[in-house]
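Trainee: The structure's right below; bear with me while I get my questions together.
Please treat every number below as a calculation from the coordinates, not as lab data. None of these values were measured; they are calculated from a predicted model. Cβ atoms come from the backbone with ideal geometry, glycine included; neighbour counts cover every protein chain shown.
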Amino acid sequence: MSLGIDDILRSHITGRPVVMGILNVTPDSFSDGGTFLDADAAARHALDMVAAGAHVIDVGAESTRPGSRRVSADEQIDRLRDILPAVVSAGVPVSIDTTLAPVAEFALDAGARIVNDVSAGRDDPDLLTLVAQRDAALVLMHMLGEPKTMQAEPHYDDVTAEVRDFLAERLEAAVAAGVPRARCMVDPGIGFGKTLEHNLLLLARGVDVLVTLDVPVLIGSSRKRFIGALSGEPEPTQRIGGTIAACLAARRRGATVFRVHDVSPVAQALAVHDAIETPPLA
Ligand code: HH2
C-alpha cells in the first residue's frame with residue numbers, strides 16, 4: 001500500500017509500519033557501494049524496492065560508514081543529478097540522506113520530500129532553515145562524534161538518556177528554525193559512535209524512551225556490524241536474519257519507520273509480526 005508523507009509523519013499515532021528502502025549512489029558504502037552508480041541501475045533498484053513493499057526510498061550520495069571520507073556538496077550533487085529524477089518517478093516519497101543544505105536543496109528541487117540528516121542539523125547551519133522553508137519532512141539522527149572517528153571507544157554514562165536528551169534538544173533546534181515538530185522523526189543512530197552493547201540497549205530500552213518524544217522513531221539497523229558481531233557473519237549482504245530480528249524488536253517497542261536494504265523480507269516480517277501482535281477483533 002502506498003503511503004503519503006502525512007501517513008509517514010503520523011505513523012507513531014496510527015501504528016502503521018513504514019519501510020524505507022536504501023539506495024546508495026556511492027562507490028564506497030559498506031554493503032552496496034558501487035552497485036547503483038548508473039542512473040538505470042539505480043532507477044531499476046528503486047522500482048524493485050517499491051514493488052517489494054518500500055513506502056519511501058532514501059537516496060544517499062555520501063557513505064557515513066565508520067572511517068569514511070567526507071564528500072563535497074558538488075560531488076554529491078554530481079552523483080545525484082541523473083539518478084534523482086528517475087527515483088522520484090518510482091512514485092513513492094523520496095528522502096535525501098545528506099547533512100549539507102546545497103545537496104538537500106538540489107534533491108528537494110528534484111522532488112524529494114524528506115531530508116534525512118545524520119548530523120541532526122549540526123553539520124550545516126542552513127539545513128534546518130531550508131527544511132522549514134520548503135515544508136519538507138526531517139529525520140534527526142543521533143551520532144557521537146563524526147564518521148571518521150566515531151567508533152574509537154565511544155563512551156556514555158547512560159546511552160539511552162543521552163541519546164534521548166540529544167534528540168529532544170535537536171527537535172527543539174529544528175522547531176526554533178521553523179520546522180514544525182509534526183514534520184520531524186527521530187533516530188537513535190544504530191552504529192554511529194556506539195559499541196555492541198550501546199546498540200542493543202538502544203534497540204530495546206532506547207526505543208521505549210524515544211517513543212515518548214511523540215514523533216515517529218526510525219531505526220537503521222540494516223546489515224550493520226553489530227549483527228556481524230552477534231552472528232559471526234562477516235558479509236553484510238548475508239545479515240538479513242539479524243536485520244529482521246532488530247527491526248521486530250524495535251517494532252514491538254513502538255518504532256514505526258525501518259530503513260533497510262532488503263525490503264521484501266523485512267516487509268514480510270513486519271506484516272506477519274503485526275498480524276500476530278495486533279490480531280483483528282473476533
Ligand atoms: N545509517 C546509514 C546511513 N544513513 N540514516 C539514518 N537516519 N539512520 C541510519 O541508521 C543510517 C542513515 C549507514 O548505512 P548505509 O547507508 O547502508 O551505509 P553507508 O553510510 O556506508 O552508505
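Trainee: If I filter segment 22-35 for residues that are within 15 Å of the chain's Cα centre (by Cα), within 13 Å of the ligand (Cβ to nearest atom) and of a type in the set (Asp, Glu), do I get at least one hit?
Mentor: Scanning segment 22-35, I find no residue that is within 15 Å of the chain's Cα centre (by Cα), within 13 Å of the ligand (Cβ to nearest atom) and of a type in the set (Asp, Glu), so the answer is no.
Trainee: Do we find a residue being buried (at least 20 other Cβ atoms within 10 Å of the Cβ), in contact (Cβ under 8 Å) with a residue 40 or more places away in the chain, over 17 Å from the mean Cα position of the chain (by Cα) and not in a helix (DSSP H, G or I) anywhere in segment 175-194?
Mentor: Yes.
Trainee: On to the next question. Inspect segment 106-116 for any residue being within 13 Å of the ligand (Cβ to nearest atom) and touching a Gly at 6+ places or on another chain (Cβ under 9 Å) and give the result as yes or no. Can you show your working first?
Mentor: As a first pass, look at segment 106-116 and keep what is within 13 Å of the ligand (Cβ to nearest atom): 114-116.
Then keep just the ones that are touching a Gly at 6+ places or on another chain (Cβ under 9 Å); that gives 116.
Yes.
Trainee: Okay, next question. How many of the residues in segment 239-262 are out of contact with any Phe, Trp or Tyr (no Cβ under 7 Å at 6 or more places or on another chain) and within 13 Å of the ligand (Cβ to nearest atom)?
Mentor: Summing the residues that are out of contact with any Phe, Trp or Tyr (no Cβ under 7 Å at 6 or more places or on another chain) and within 13 Å of the ligand (Cβ to nearest atom) in segment 239-262 gives 11.
Trainee: What pairs can you find where one residue is in segment 27-38 and in contact (Cβ under 8 Å) with a residue 24 or more places away in the chain and within 10 Å of Thr237 (Cβ to Cβ), the other is near the ligand (Cβ under 10 Å from one of its atoms) and in a loop (DSSP other than H, G, I, E, B), and their Cβ atoms are less than 6 Å apart, with a gap of 6+ or different chains?
Mentor: Close Cβ pairs satisfying both conditions: Ser31/Arg223.
Trainee: Right, next: Do you know which of the residues in segment 191-210 that are within 21 Å of Asn116 (Cα to Cα) and touching a Phe, Trp or Tyr at 6+ places or on another chain (Cβ under 7 Å) is nearest to the ligand (Cβ to nearest atom)?
Mentor: Top of the filtered list is Gly191.
Trainee: Check whether at least one residue in segment 10-19 is hydroxyl-bearing (Ser, Thr, Tyr), without any contact (Cβ under 8 Å) to a residue 60 or more places away in the chain and closer than 25 Å to Arg251 by Cα, and report yes or no. If you could, list the steps in order and put the result at the bottom.
Mentor: Filtering segment 10-19 for residues hydroxyl-bearing (Ser, Thr, Tyr) gives 11, 14.
From the residues that got through so far, the ones that are without any contact (Cβ under 8 Å) to a residue 60 or more places away in the chain too are 14.
Add one more test, that the residue is closer than 25 Å to Arg251 by Cα, and what stays is 14.
Yes - at least one qualifying residue is present in segment 10-19.
Trainee: Given the conditions (1) over 23 Å from Gly60 (Cβ atoms); (2) within 16 Å of the ligand (Cβ to nearest atom), which single one is not true for Glu235?
Mentor: The single condition Glu235 does not satisfy is (1).
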